[in-house]
Amino acid sequence: MPDNNMTATASSPFVPSTISVARVMRTVIYALIPGVFIYIALFGWGVLTNILIVTLSALLFEWIMLLVRDRPVKVYLFDFSAIITAILLSLAIPPLAPWWLLVLGSFFAIVVAKHLYGGLGYNTFNPAMAAYAVLLISFPLEMSMWISPLSETSQSLNIIESFEYVLFQVLPINMQYDALTSATVLDYVRTELSTGKLLPEISRSPVFGYLAGKGFEWINLGFLLGGLWLLYKKIISWQIPMAILTGLGVSSLLGYVINPDIYANPLIHIMGGATILGAFFIATDPVTASTTPLGRVIYGAGIGFLTFAIRSWGGYPDGMAFAVLLMGMLVPLLDYYTAPKVYGERAR
Amino acid sequence: MKKLWTFKGGVKLAGFKKLSRPSVVKSLPLPKRVILPLRQHIGEPAEPIVEVGEKVYKGQVIATSKSFISASVHASTSGTVVEIEKHHIPHQSGVSELCIVIKTDGKDEWSPNIKPNQYPENLDADEIRVRIREAGIVGLGGAVFPSAAKLKPTRQIDTLIINGVECEPYITCDDALMQSCPDEIVQGVLLLRKLLNPLECIIAIEDNKPDAIEAIKGSIEKLREQGEGRVATIKVIAVPTVFPTGGEKQLIKVLTGKEVPKNGLPYEVGIVCLNVGTTAAIRNAIYQGTPLVSRYVTVTGSLAKQPANYEVLLGTPIDDVIQAAGNVSADNCAVIMGGPMMGQLLPHSQSPVVKATNCILLQEIRPDIHNNVMPCIRCGSCASACPMNLLPQQLYWHAREKSFQKLDHYNLTDCIECGCCSIVCPSKIPLVHYFRFAKSEMKDHEVNTKIAEQSRVRTQVREARLERIKREQEARKAQRKADRLKKKAAKQKSDKKALAG
């Protein structure tokens, strides 16, 4: 189905389009920089090892799949879409994750979720989230070992030690992996609630920062900054992030108003976990999101609500990935039933 | 300040308007021959009323039609009819249509029947309509709809809109006209006002044409000073420069907030919209008695040596116009009729200038525009840019699949082919090209469906008829048999009686 074979057209417009898929994708990558930079600064080199290994393996899988599927390698390999998938996936996996986990994730994202569904533009599910879900279900232990912010631990790994651990599972002498890790705020809230404690008490824990999880709140502010810039550059539309934040905000506020002892406040929901990254970078993936203005609002609101539902009543501390995948299934339906009224249809 | 509305979508484009310096209008030498297609308008083609060898004057009717949606064709200069044959018309398909070819005699002599009207004010509305119709005037903004057909609406008209927006990049012929002939335009508006009795008249001009706005305002002021009180009802309104504000539907939305009903016409919402060039042509037909025999044409583009506006006789071969404008500065030159967004690439530059020719755009052939087409990533930029609020990304899939029902569901026929979706597409998909193709396929499909339906009905009727005939024959047969039996019985009876008797 490659479009490249279409004969050169001789019909208007004769003005070339000023934007390209590669430029759209590249802009998204730039927008991720502040958040990623803060992430590395606060959590160490384990973030970078994740990104590097997933990206390199994703490009390798992309290249192989393009060869296998006989697609123009040069065009598609440098459209940056695989790199975005890789970065988003690597951010969803706990830093310092072992290489095989990272490569497996990248295999599932690129080979299965993307290319087996037809490649760029044809995939039904968000490749990064599909791969994340597979890893989370298959390797729950590895996928929940989040490392502590550097400020909270006396021990840290330099860049070489990080690679040694990721590649060979070797830690410097006298260092225990457990000492590097701690629960994320959503995880902590969940475990403590299950032991019968109530939120006013739980939120006195040192895992809490000013807004949400210590450290993570700053990263999320970084992603928020990038996300707002994408809005400004009109690379993403406002409906999806707005609807997600509103959907999650309203449902968590309701919960919080009804019972603040067991429902975390909206701020923790919005500034903690994957909310900001999800709202601005993941759910806005054009290929798998709804394309009509109203469809996008429903899609986003659904993700917001499902995220709250999974976090509060489901089996996982965060629910963004599942919410995105679930709402993704509704996209064809949403697009069909929310087609905007064309010019003159109301007047008729 | 009048309140303005906005239409959804549209794009901001670089104008390149200064290139053709709209403040000056140049003339061209008389061409050796003029080629006048019999259909330069929407509707039925006109039928020739001259013969080969006949001498014709400038302005003489050479083809006409009785159909309501049609327009007459006039000789654009004096000379001899040398051919009534098929010629290439300026269309991207390169088709040929019947044309009258006149060998010019160099005198450019007006028909003696054409006289200026001493008292144009005294004409009543119906007389004006007849003259507009006889003058062969059609919409000069590009749609070439016969103007007379627009000017007899069946309901009250609230707003008369004179379209001087000219939103396509490069084109400045309307700008040039507004600067050089503002009085003609304003007088034309007053004539139209007489025909339509609108509550308000608006001359809309894009805000990137301050000189044109100034000229029209100056003309209105001048007429007011001369005691023409009716100009007080004319408003000159600067509209924001967004493509395609010059589209009739978009302009109506911007100026009135109303939308033309789907598949409907502007008069249904109390609006009539005419181009400034059309308005001036109407004025000239009434005041000077002159039919539509020439128009302003912008010759421009990166390869045009002397970009400018020219007053061109209809029928002048486009090649002649290009030659007169200093030819082109490169060999790989594309000749486009119209602007870069909605124009047509002409395969034959020897085809003539027609009533629709507002611009001859000369630029490099860019076959690379659609190189490296990527798959649709469903970003929706096209939908945001669509001024008709369509979903081009959905139309694209269904156009590829030729699923006509879906194309209809997504309102393909409402596409105005403005090109906004194509130029914002990051995947560089030639969307409009797909839509044009799908539209023609859809039309074919409709025709075929209709034919199939007709033959189905015909077959059914025929079968029913045959069935009926058979039944009738059988009934008659049965009747005859019954009659025979009856007769026989009667005979036997009478025989018996006779025997008995």
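Nothing in this text is a laboratory measurement; each read-out follows from the coordinates by a stated rule. Since we're looking at a predicted model, the values are computed, not measured. Note: ideal-geometry Cβ built from the backbone for every residue, glycine included; neighbour counts use all protein chains shown.
A few remarks follow.
- Cleavage-rule hits (trypsin sites (Lys or Arg not before Pro)) in the stretch B:114-207: DSSP loop, at most 15 neighbouring Cβ within 10 angstrom: B:ARG155
- Distance-filtered residues of the stretch B:458-480 - backbone nitrogen under 20 Å, label point 7 angstrom along B:LYS488 Cα→Cβ: B:474-480
- Stretched out straight at 0.36 nm per residue, the stretch from B:ASN263 to B:THR6 would grow longer than its current Cα-Cα span by 90.4 nm.
- Radius ratio Rg over Rh of the stretch B:330-431, counting only Cα atoms, Kirkwood formula for Rh: 1.03
- Two-site FRET efficiency, A:THR191 against A:TRP238, from Cβ-Cβ distance with R₀ of 41 Å, rounded to 0.05: 0.70
- Two-site FRET efficiency, B:ARG458 against B:SER67, from Cβ-Cβ distance with R₀ of 25 Å, rounded to 0.05: 0.30
- With θ taken as phi - 60° and the Karplus curve 6.51 cos²θ - 1.76 cosθ + 1.60 applied, the whole-hertz 3J(HN,Hα) list for the stretch B:26-35 is 9, 10, 10, x, 4, x, 5, 8, 10, 10 Hz, x standing for glycine and proline.
- About its Cα centre, chain A has a charge dipole of approximately 1060 debye under the convention of +1 per Lys or Arg Cβ and -1 per Asp or Glu Cβ, with nothing else charged.
- Under 19 Å from the B:ASP211 label point (7 Å along Cα→beta-carbon), backbone N, the stretch B:224-261: B:238-239, B:241
- Karplus (6.51, -1.76, 1.60) ³J(HN,Hα), θ = phi - 60°, over the stretch B:154-166, in Hz, Gly and Pro reported as x: 9, 9, 4, 9, 8, 10, 9, 10, 9, 8, x, 6, 6
- Those trypsin sites (Lys or Arg not before Pro) in the stretch A:62-145 that DSSP places in a loop and that have at most 14 other beta carbons within 10 Å: A:ARG69
- With Cα atoms defining each centre, the stretch B:275-292 and the stretch A:29-84 are spaced 64 Å apart in the structure.
- Taking every alpha-carbon pair in the stretch B:233-294 and binning the separations at 5 Å intervals from zero gives 4, 14, 21, 20, 16, 15, 9, 1 percent.
- Within chain B, longest stretch clear of exposed chymotrypsin sites (Phe, Trp or Tyr not before Pro) (DSSP loop, no more than 15 other Cβ within 10 Å): B:69-501
- Of the residues B:HIS348, B:VAL239, A:GLY105, the one whose Cα sits farthest towards the positive end of the charge dipole of the protein assembly as shown is B:HIS348 (charges of +1 on Lys and Arg Cβ, -1 on Asp and Glu Cβ, taken about the Cα centre).
- Pairwise Cα distances in the protein assembly as shown exceed 41 Å in 51 percent of cases.
- Annotation for A:ILE173 and B:TRP397: the two label points, set 7 Å from Cα along the Cα-Cβ direction, are 6.2 nm apart.
- From phi via Karplus (6.51, -1.76, 1.60), per-residue ³J(HN,Hα) for the stretch A:31-44 in Hz, x at Gly/Pro: 5, 7, 4, x, x, 5, 4, 5, 4, 5, 4, 8, 10, x
- Qualifying trypsin sites (Lys or Arg not before Pro) for the stretch A:210-248 [loop in DSSP, other Cβ within 10 Å: at most 15]: A:LYS233, A:LYS234
- From the alpha carbon centroid of the stretch A:166-215 to that of the stretch B:165-180 is 68 Å.
- Compared with the dominant principal axis of the Cα atoms in chain B, helix B:431-500 is inclined by about 20°.
- The Cα center of the stretch A:225-268 and the Cα center of the stretch B:1-28 differ in position by 43 Å.
- Taking every alpha-carbon pair in the stretch B:449-501 and binning the separations at 10 Å intervals from zero gives 22, 22, 18, 15, 11, 8, 4, 1 percent.
- What the Kirkwood sum gives for chain B is a hydrodynamic radius of 25.5 Å, with every pair of different alpha carbons counted.
- Unit Cα scatterers, Debye sum, the stretch B:124-290: log10 I(q)/I(0) for q = 0.19 Å⁻¹: -1.29
- A dipole drawn for the protein assembly as shown from +1 and -1 charges on Cβ atoms has a positive end, and of A:GLY247, B:LEU28, A:PHE308 the residue lying farthest that way is B:LEU28.
- Going by neighbour counts of Cβ atoms within 10 Å, the residues A:PHE308, A:PHE43 line up, fewest first, as A:PHE43, A:PHE308.
- The charge dipole of the protein assembly as shown, taken about its Cα centre with unit charges on the Cβ atoms of Lys, Arg (+1), Asp and Glu (-1) only, comes to about 4800 debye.
- Simple Cβ-charge dipole of the stretch B:124-290, Lys/Arg +1 and Asp/Glu -1, about Cα centre, in debye nearest 20: 560 debye
- The calculated FRET efficiency for the pair A:ASP261 and A:TYR210, based on their C-beta separation and a Förster distance of 22 Å, comes to about 0.50.
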